[in-house]
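Notes to accompany the following structure.
FYI, it's all coordinate maths here, none of it is from the lab. The shown structure was predicted, so the numbers you read here are calculated from the model rather than taken from an experiment. Every residue, glycine among them, receives a Cβ derived from its backbone with ideal geometry; neighbour counts consider all protein chains shown.
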Amino acid sequence: MTILVFGDSNSHGTMPLAKLGGVDRHPKSARWPDVMAQALELEVVSEGHPGRTTVHDDPIDGAFKNGMRALPAILESHRPLELVIIMLGTNDCKARFGLRGWDIAAGVGKLAQVVQASNAGPGGDAPRVMLVAPVPVEESGVLAEMFQGGRARSRAIAPALRDEAARLGCAFFDAGRVAHVDIMDGVHMDAAAQATLGLAMADAVALVMKGE
């Protein structure tokens, strides 16, 4: 049984940044997808790409940051997948995109529909999908200007994404209920938050796999 985590820098394990351009990463065992994998004793493929958006080409960082461009190939390369967990939306909160929480949730929903239309699950069926509202950002530290207005935008994602998950028949989890970003940069999680999220996600995924 294999689970795919499709996310951004917080799934990649990027450490809170003291300066722009930092690439430090939490050890593999400390990243939330790996904490979850150990708790579940299942194979988890972590596809966390720093800067990844839901469905938007980034005019500064590049079109390859667009999750919609990457997802179909990733589904094919890792199939069969029992479950696909999508935790995106943080980078959509950047000031350069000017999106609302509803817009961001709709972008995540488009990705969910790609999974649901695929043959990446067992027996050529579609995998199950879980949509995770990312941990809300704070406008602090070196990323404060980049994420100007992001505090409000990010907090609007969870309620909109809950509705989108219900509409599409996907499982839902709100990461902001259990974890917080580090105020050093206002976007990334420290090791303790990564571990807390990984264990909480393990419990949530266990329920999904039981059909609850």
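In table form, for the structure just shown:
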{"quantity": "Test result for L99, crowded, with 17+ Cβ neighbours inside 10 Å and out of contact with any strand residue (DSSP E or B) (no Cβ under 9 Å at 6 or more places or on another chain)", "calculated": "yes"}
{"quantity": "Enumeration of residues in region 7-59 that are crowded, with 20+ Cβ neighbours inside 10 Å, β-branched (V, I, T) and over 14 Å from V135 (Cβ atoms)", "calculated": "V35, V44, T53, T54, V55"}
{"quantity": "In region 180-212, the residues that are surrounded by fewer than 23 Cβ atoms within 10 Å (Cβ to Cβ) and assigned to a loop (DSSP other than H, G, I, E, B)", "calculated": "H180, D182, I183, M184, D190, K210, G211, E212"}
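One line per residue, one yes/no per condition, for (1) within 19 Å of G48 (Cβ to Cβ); (2) in a strand (DSSP E or B); (3) in contact (Cβ under 8 Å) with a residue 40 or more places away in the chain; (4) not hydrophobic (A, V, I, L, M, F, W, C):
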| position | (1), (2), (3), (4) |
| --- | --- |
| A112 | yes, no, yes, no |
| A126 | no, no, no, no |
| V129 | yes, yes, yes, no |
| V137 | yes, no, yes, no |
| R151 | no, no, no, yes |
